[in-house]
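Peer 1: I am attaching a structure below and will ask some questions about it afterwards.
The values are calculated or read from the model by the stated rules, or taken from the named source; none is laboratory data. Everything quoted here is computed from the prediction, not taken from an experiment. Virtual Cβ from ideal backbone geometry, glycine too; neighbours counted across all protein chains shown. Quick note on the areas: whole protein, heavy atoms, side chains included, nothing else; ligands and nucleic acids left out. Shrake-Rupley method; radii C 1.70, N 1.55, O 1.52, S 1.80 Å.
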Amino acid sequence: MADRGPASRIITSAARECLEPLGLTRRGRSRLWVDDQGWWLGVVEFTPSRSAGSGLHVGAMWLWHDVGHLAFHIDAARVGPEPVPAENQFTRLALDLGRQAAANVKALRERFPSLPDAARDITSRPVRRGFLQDGFDAGIASALAGDPGTARCHFERVLREEPLAPWMVDVQEKTRELYAMAADRRAVAAWVTRVVGSSRSKQGLEPVPLAIG
């Protein structure tokens with residue numbers, strides 16, 4: 001969403017005050033802010049409202065999904081849009097949302113400081129039938145953490161799902177490739193490094209050395 005009108009300007013000012021000191025960058029002129037952690041991104045969105053209010057969505061995106069758009073693969077915080085009619089009230093709300101966003105960004109950094117930490121977190125989540133990406137993420141994280149048995153269990157779950165859309169077919173094709181190399185941590189790391197590099201390029205991010213494998 002483009003930054004237009006007084007409400008957006010107030011949100012932008014609050015976001016700059018709270019997020020720029022942490023190193024986050026704004027995505028164009030939108031209400032989206034990104035925390036670049038190399039192989040994953042922290043994503044902050046100040047969600048618009050039909051009235052003068054705003055909400056907040058904070059989460060993490062795994063860059064082994066080779067896409068050119070931002071996504072929330074892990075949710076850290078959701079605050080529904082709340083209309084605030086008076087400008088001085090909205091300024092206070094925007095600052096409160098900015099502080100909440102900063103706190104959740106810090107929490108995500110503490111939650112995912114390394115791939116083994118991410119693997120433990122991802123694989124501990126409840127299994128949700130029909131959510132192919134959950135198993136795909138858990139399989140990759142497990143393989144990178146040196147647990148091919150767990151990785152293959154998650155990949156098998158992905159392959160058992162019926163592919164009802166083209167994107168699901170694509171996920172399963174990648175899963176078959178990863179399943180075959182699950183016991184070779186170095187090969188999985190090379191695959192992830194290549195895909196993360198491609199994803200970073202599509203996201204307009206500079207190449208960086210990746211601590212993978």
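Peer 1: Here's a check for you: in the stretch 143-181, which residue that is among the small types (G, A, S) and over 21 Å from A71 (Cα atoms) is most open to solvent (accessible area, probe 1.4 Å)?
Peer 2: Among residues in the stretch 143-181 that are among the small types (G, A, S) and over 21 Å from A71 (Cα atoms), the one most open to solvent (accessible area, probe 1.4 Å) is A180.
Peer 1: Sticking with this structure for a sec: Output the number of the condition that V84 fails; it satisfies all remaining conditions of (1) at pLDDT below 95; (2) surrounded by fewer than 17 Cβ atoms within 10 Å (Cβ to Cβ).
Peer 2: All conditions pass for V84, except number (2).
Peer 1: Please enumerate the residues belonging to the stretch 87-108 that are buried (at least 16 other Cβ atoms within 10 Å of the Cβ) and at pLDDT 90 or above.
Peer 2: L95, L97, G98, Q100, A101, A102, N104, V105, L108
Peer 1: Still on this structure, please answer the following. Looking at (1) open to solvent by less than 60 Å² (accessible area, probe 1.4 Å); (2) within 30 Å of F131 (Cα to Cα); (3) modelled with pLDDT under 95, which is the one condition that is false for D75?
Peer 2: (1)
Peer 1: Which of (1) at pLDDT 90 or above; (2) surrounded by fewer than 16 Cβ atoms within 10 Å (Cβ to Cβ); (3) β-branched (V, I, T) is the odd one out, the single condition V127 does not satisfy?
Peer 2: Here V127 clears every test but (1).
Peer 1: Oh, and also: Return the pair list, or none, for Cβ contacts closer than 7 Å from residues in the stretch 97-120 that are touching a residue at least 24 places away in the same chain (Cβ under 8 Å) to residues that are open to solvent by less than 10 Å² (accessible area, probe 1.4 Å) and not hydrophobic (A, V, I, L, M, F, W, C), at least 6 apart or on different chains.
Peer 2: Pairs found: L97/S54; V105/D35; V105/G42; L108/G42; A119/S142.
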